[in-house]
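The values are calculated or read from the model by the stated rules, or taken from the named source; none is laboratory data. Everything numeric here is computed off the predicted structure, so don't read it as measured data. Note: ideal-geometry Cβ built from the backbone for every residue, glycine included; neighbour counts use all protein chains shown. Please note that ligands, DNA and RNA were not included when accessible areas were found on the heavy atoms of the full protein model with its side chains. Shrake-Rupley method; radii C 1.70, N 1.55, O 1.52, S 1.80 Å.
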Amino acid sequence: MASSIFSSLLLLLFLSCATNFTPVTSSEQGNDYLISCRLAPHFPVEKQSHFRFYWHDILSGPNPTAVQVVQTPETIKSSTLFGAVVMIDDALTTRPDVNSKLVGRAQGLYTGAGLKKIEFLIAMNFVFTDGKYNGSTIAIFGHDEVLAPVREMPIVGGSGLFRFARGYVEARTYSVDWKTGDAVVQYDVFVNHY
């Protein structure tokens, strides 16, 4: 009985795919970009991993890892850095000390997006350089209200061992030097992957 129900559901899913995603072969339509439609391959059970990293955003000194690449006259006047664009290649370590074990890099950018509060739009990849995750990435894109005790941002994808990743990160400022802008942020990463 259960086998029959499963077979019926599988057939219904297949027919739905076949009728909704039939490749267009006529060049008159201009939509011949769908190459094939098939059931997704069977993946192992989805799991959730929890990682903790320390993100070292260094704007000062001879070797900064964060560089402001865009600044307008309004940005200079803004107490919230509105309009600033900062490119990053920040170290991800296992402890708050920048000399602790390096496990990857946070590469991407953040932009001043708040007029009234220090709020950034964050677009970055956590690029792993250590162990079994070496070469894999987790993509993060979201809102960061810098002075909030905890900020949550979505994981929007990944590559390598994190292909089809989804989840969220929680950021907590560990330390900040208000004179230089250098900061250490603890990132707790909750990622669903196969």
A chain fully extended from residue 79 to residue 192 at 0.36 nm per residue, minus the present Cα-Cα distance, gains in nm 36.9 nm
Using DSSP to define loop residues, name the trypsin sites (Lys or Arg not before Pro) in the range 156-186 whose beta-carbon has at most 14 other beta-carbon atoms within 10 Å. 163, 179
So, over other residues within a Cβ distance under 12 Å of residue 150, counting Lys, Arg +1 and Asp, Glu -1, the net charge is -3
Long-range tail of P(r) for the range 52-164 (Cα pairs > 20 Å, %): 45
Label-point separation (nm) for residue 176 and residue 72, each offset 7 Å from Cα along Cα-to-Cβ? 2.3
Using amide H atoms built in the peptide plane, which far-off residues or other-chain residues are under 5 Å from residue 120 H to H? 113, 144, 145, 146
C-alpha center-to-center spacing [the range 140-193, the range 63-89] in angstrom: 19
Sequence of 162, 141, 120 from largest to smallest accessible area, 1.4 Å probe: 141, 120, 162
Please give the per residue accessible area of the range 39-194, computed with a probe of 1.4 Å over protein heavy atoms only, in Å². 55
Could you tell me which trypsin sites (Lys or Arg not before Pro) in the range 54-108 are loop residues by DSSP with no more than 11 other beta carbons within 10 angstrom of their beta carbon? 101
